[in-house]
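These notes concern the structure reproduced below.
The values are calculated or read from the model by the stated rules, or taken from the named source; none is laboratory data. Bear in mind the structure is a predicted one, so any value in this text is a computation, not a measurement. Every residue, glycine as well, gets a Cβ built from its backbone with ideal geometry; the counts of neighbours run over all protein chains shown. For the accessible areas, the whole protein counts, side chains as well, though only heavy atoms, and no ligand, DNA or RNA atoms are used. Shrake-Rupley method; radii C 1.70, N 1.55, O 1.52, S 1.80 Å.
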Amino acid sequence: MQIGVDSFGAVISDPATGLTISSVQRMQNLLEEIELADQVGLDVFGIGEHHRAEFLDSAPAVILAAAATRTRNIRLTSAVTVLSAADPVRIFQEFATLDLISNGRAEIVAGRGSFVESFPLFGLRVEDYDSLFSEKLDLLLKVRDNTNVHWAGKHRAPLTGQAVYPRPLQNPLPIWVGVGGTPASFARAGMLGLPLMVAIIGGEPKRFRPLIDLYREKSREAGHPADQLVVGLHSVGFLGDTTQQAADDFYPGYAYTFTEIGKERGWPPTTRAQFDAVRGPTGALLIGDAQAVAEKILYVNETLGGISRVTFQMGVSVLAHQKMLRAIEILGTRVAPIIRKELMASTSLTNTTQVPL
């Protein structure tokens with residue numbers, strides 16, 4: 001199982017003091033976080049895409065390219081690319097370039113996004129939300145598989161054999177589909193045989209098992225090899241030296257962020273009781289000390305029938321840079337080794353042949 005971190009490059013004000021660090025400082029902090037994630041042996045770092053004042057990630061490929069020059073092994077991915085509001089040809093070119101800069105470490109997680117600001121910004125209709133994504137994903141895959149592209153659709157001018165350059169080092173360039181809770185999205189990813197990245201930010205992960213089973217069923221029906229049935233989780237999480245410390249550090253900023261989003265979406269204000277419930281043994285939040293979080297990941301892995309990647313979204317809360325670095329260090333040096341050891345032992349036990357006496 002791969003373990004990693006996702007970030008939106010948030011520049012949210014501290015709810016206690018009202019202070020906000022500068023955008024320049026936040027970007028430098030973010031690059032230091034990615035660099036440390038590489039140094040402590042984490043597998044992947046993802047940068048989201050938003051077009052809002054509180055986030056600095058409107059151009060994720062640029063941030064990832066900067067990180068590529070400061071890292072050696074960690075995979076660098078979008079989390080997610082808002083494909084509905086983008087030109088797939090340009091997205092492919094950007095991530096192919098990132099792949100060359102990083103010596104084959106780039107990935108795309110393509111999704112529809114959870115905010116809608118990008119649609120009017122780029123002259124698109126929110127009403128075309130799903131058809132834009134479906135059509136543009138088709139074009140992105142066509143560009144990945146063919147240098148000279150023949151393609152026609154409803155929302156973009158056709159391609160009649162034009163060549164798309166540069167080509168990435170990886171062939172094929174990894175493309176995941178990022179999904180929320182819509183069954184049609186899980187089914188589509190399965191029919192296409194693409195890796196699936198599931199955002200689980202609340203409730204209990206077990207409620208996603210029927211949707212993941214649907215993804216696996218549709219993939220098998222379409223005849224895709226079993227090794228293409230890859231499921232990853234994007235989860236809100238944070239690490240501390242103790243579980244209480246992690247929860248106390250993370251809660252104030254978490255409550256502020258989700259209460260503000262709730263004002264837009266009609267949710268009630270976030271409370272500490274709700275937060276503590278969702279970080280409990282079967283809840284979605286991966287918050288605690290190394291042992292507690294490792295046990296939660298192993299529980300989720302079993303509950304969902306096996307997952308291949310877990311990424312921690314730590315940046316939804318305002319946290320001191322040193323606390324963020326400490327959380328990344330714990331994740332890489334303590335949580336990841338526990339997970340790898342337990343899964344290796346489980347695999348060895350499964351593969352052991354029992355000889356009758």
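Ellipticity at 222 nm from helices only: DSSP H runs of n ≥ 4 in the chain, each -39500 (n - 2.57), divided by the residue count, give -13500 deg cm²/dmol. Summarising the amide proton neighbourhood of residue 237: residues at separation of 5 or more, or on other chains, whose placed amide H is nearer than 5 Å comprise 286, 313, 314. For a Förster distance of 30 Å, can you work out the FRET efficiency between the beta-carbons of residue 122 and residue 245, rounded to the nearest 0.05? Once the sixth-power term is evaluated, E becomes 0.10.
Rolling a 1.4 angstrom probe over the protein heavy atoms, how many square angstrom per residue are accessible across the chain?
44
Take a quick pass over the chain and tell me how many lysine pairs come in under 16 angstrom between Cα atoms, counting only ones 8 or more apart or on separate chains. Pairs that pass both the separation and distance tests number 4. GNM on the chain, alpha-carbon springs under 10 angstrom: the most fluctuating residue among 21, 297, 101 is 21.
The relative contact order of segment 58-208, computed from alpha carbon pairs under 8 Å that lie at least 6 residues apart in sequence, is 23 percent. DSSP assigns beta bridges within the chain; of those with both partners inside it, close to 10 percent run antiparallel. Comparing 270, 311, 69 in a Gaussian network model of the chain, where Cα atoms under 10 Å apart are tied by springs, the biggest mean-square fluctuation is seen for 69.
Using θ = phi - 60° in the Karplus curve 6.51 cos²θ - 1.76 cosθ + 1.60, the 3J(HN,Hα) couplings for segment 242-251 round to 10, 5, 5, 4, 4, 5, 5, 5, 7, 4 Hz; x is entered for Gly and Pro. Relative contact order for segment 221-357: what percent, with Cα pairs under 8 Å and sequence separation of 6 or more? Relative contact order, segment 221-357: 36 percent. Using a Gaussian network model of the chain in which every pair of alpha carbons under 10 angstrom is joined by a spring, one finds that among 260, 33, 54 the greatest mean-square fluctuation is at 260. Cα centroids of segment 41-89 and segment 113-155: how far apart, whole angstrom? Using only Cα atoms to place each centre, the spacing works out to 18 Å.
The Cα center of segment 288-348 and the Cα center of segment 9-24 differ in position by 26 Å. For the chain, the relative contact order is 18 percent, taking Cα pairs closer than 8 Å that sit 6 or more residues apart in sequence and dividing their mean separation by the residue count.
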